[in-house]
Amino acid sequence: MMSNAKDQRIRLIIAALLVALALIRLTFHASLAGRMDSIFFILIGSALLLLLIPLQYLKSFKAGGLELSLDQPQVQGAIAGLSLDRIKNKKVQEHLSRLKDQLAAIRGSRVLWIDDHPHAVVGERRLLRALGVEVVTAISSEEAARVLEEDNDFDLIITDVQREGRTYKETGGIPIHEGVNFILHLRTKQTDPVIAKLPVVFYAAYDWERLIEFTSRARSLYPPPEITNSEEDLIPKVVKLLAESRSTPIHGTKEKKATPVRGSLRYVAQGNEVDDDESSGGEEEEHFG
């Protein structure tokens, strides 16, 4: 209650200041009639909106148990880091507002982002982190393959198109388009079904026609990757894919099995050393791991 009363007082003060500015302009800028009218009405209109629209709708929205405020420092800092102009920043916020139902679902998601210039996408990565998404980076296909070999628990891959690599030798693709070659290899050669079917987004600065052309081979395979060349399109696209991925059950082919003990294992039993081969009649003993 104290917080609500404080917020209301702040709104009234700001609205009063806007009205005062409008009256000052009306008094001292009478000679600039045309310009005066537009600015005067903008100030008055802003004051009315501030008074009529509930405060929570001006700065935040809720989805289930999640409340994401667009004025939170981590969200604003991430959006500012995209180096977008004011209009595009507003569009990113509008996209997020429309996707509020999916935002609760994507918290805890994990993204593997492959780009040989990771510093160039730090703003986008920070925005995803602000939305509760863990981002793991790799600067090459080899590094990405090692990450996936050790950990297949990802919901999405974001990759560039152009970087150096050797996967083209197996896919017959264009050498410089290693990002596309890696996804082709992932879709056709990967034996882990979880990894092979991970959703993919190609994110590159090419114009739309070239991006479509360069990624056509990868997009001909199922599931087809998404493509984008703009920051304001990337974030909502990633949110939608993550929400869909998180709602889809994972069906692996491998089952947890007992791991056999390799070699001779000696242990102490009642003060005496016993060889496990002897204690089991020469048969291999198993333990669970």
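The values are calculated or read from the model by the stated rules, or taken from the named source; none is laboratory data. It should be emphasised that the depicted structure is a prediction, and the values quoted were computed from it without experimental measurement. FYI the Cβ positions are ideal-geometry reconstructions off the backbone, even for glycines, and counts take in every protein chain you see.
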Subject >> Filter result (under 15 Å from Leu241 (Cα atoms), out of contact with any Gly (no Cβ under 9 Å at 6 or more places or on another chain) and not charged (D, E, K, R)) within the range 106-160 >> reply: Val111, Leu112, Trp113, Leu128, Leu131, Val135, Phe154, Leu156, Ile157, Ile158
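Residue by residue, here is whether (1) assigned to a helix (DSSP H, G or I); (2) modelled with pLDDT of 95 or more; (3) outside the structural domain of Val111 (by TED's automatic domain parsing); (4) out of contact with any helix residue (DSSP H, G or I) (no Cβ under 9 Å at 6 or more places or on another chain) holds:
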position: Glu142; (1), (2), (3), (4): yes, yes, no, yes
position: Ala145; (1), (2), (3), (4): yes, yes, no, no
position: Glu170; (1), (2), (3), (4): yes, no, no, no
position: Asn181; (1), (2), (3), (4): yes, yes, no, no
position: Leu184; (1), (2), (3), (4): yes, yes, no, no
**OP:** Hey, can you tell me all the residues within the range 179-197 that are free of Cβ contacts under 8 Å to residues at least 60 places away in the same chain and in contact with a Phe, Trp or Tyr (Cβ under 7 Å, 6 or more places away or on another chain)?
**Re:** Val180, Asn181
Original post:
Given the conditions (1) in contact (Cβ under 8 Å) with a residue 40 or more places away in the chain; (2) in contact with an Asp or Glu (Cβ under 6 Å, 6 or more places away or on another chain); (3) not polar (S, T, N, Q), and given that Gly165 satisfies all but one, which numbered condition is not satisfied?
Top reply: (1)
Original post:
Can you name the residue in the range 154-164 that is modelled with pLDDT of 95 or more and part of a loop (DSSP other than H, G, I, E, B) and, of all such residues, is nearest to Ile106 (Cα to Cα)?
Top reply: Asp155
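Here's the yes/no breakdown for (1) among the aliphatic types (A, V, I, L, M); (2) surrounded by fewer than 16 Cβ atoms within 10 Å (Cβ to Cβ); (3) not assigned by TED's automatic domain parsing to the domain that holds Arg217; (4) not in a helix (DSSP H, G or I):
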residue: Arg166; (1), (2), (3), (4): no, yes, no, yes
residue: Pro175; (1), (2), (3), (4): no, yes, no, yes
residue: Thr188; (1), (2), (3), (4): no, yes, no, no
residue: Ile195; (1), (2), (3), (4): yes, no, no, no
Original post:
Under the condition of being more than 19 Å from Asn181 (Cα to Cα) and without any contact (Cβ under 8 Å) to a residue 40 or more places away in the chain, which residue from the range 133-148 is surrounded by the most Cβ atoms within 10 Å (Cβ to Cβ)?
Top reply: Val135
